[in-house]
1. Cβ under 15 Å from ASN41's Cβ, ASN41 left aside: what net charge do those residues give with Lys, Arg +1 and Asp, Glu -1?
2. I need the fraction of alpha carbon pairs in the stretch 34-76 separated by more than 15 Å, rounded to a whole percent.
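Read-outs throughout are calculated quantities, based only on the coordinates presented, and are distinct from any laboratory measurement. Source: prediction; values computed, not measured. Quick reminder, even Gly has a Cβ in these numbers, built from the backbone with ideal geometry, and neighbours come from all protein chains shown.
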Amino acid sequence: MLSLLMYPVGVSNYQNNAKVIEFLRKNVTADDIKYEQLPENVRNAIEKEGFGEVAIKMISMFSILPTYRHAFLNNPFLFEYQMYLTNQESKPFANI
């Protein structure tokens, strides 16, 4: 039910994101992105592992893994949410 209520928000977010991507495609060229402007940890990873390896890891980290997590771990269409209540009881402190 919540997913159906959130659908309009998702559509508006998608449309806003599409506008941002279209703006970037029109105004940013590959010449604008300089190797020296990348964060130092990314530059070091590229030097150590190569650009292809870092690109594959970044793509999977920001697109494939979140999609997998939503689709198979917390998708309300696949799983019924359950509430688990736990009682945490600790022993009283000894008088030392």
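1. Details: positive: ARG43, LYS48, LYS57; negative: GLU36, GLU40, GLU47, GLU49, GLU53.
Summing Lys/Arg as +1 and Asp/Glu as -1 gives -2.
2. Working: 483 of 903 pairs.
Percentage above 15 Å: 53.
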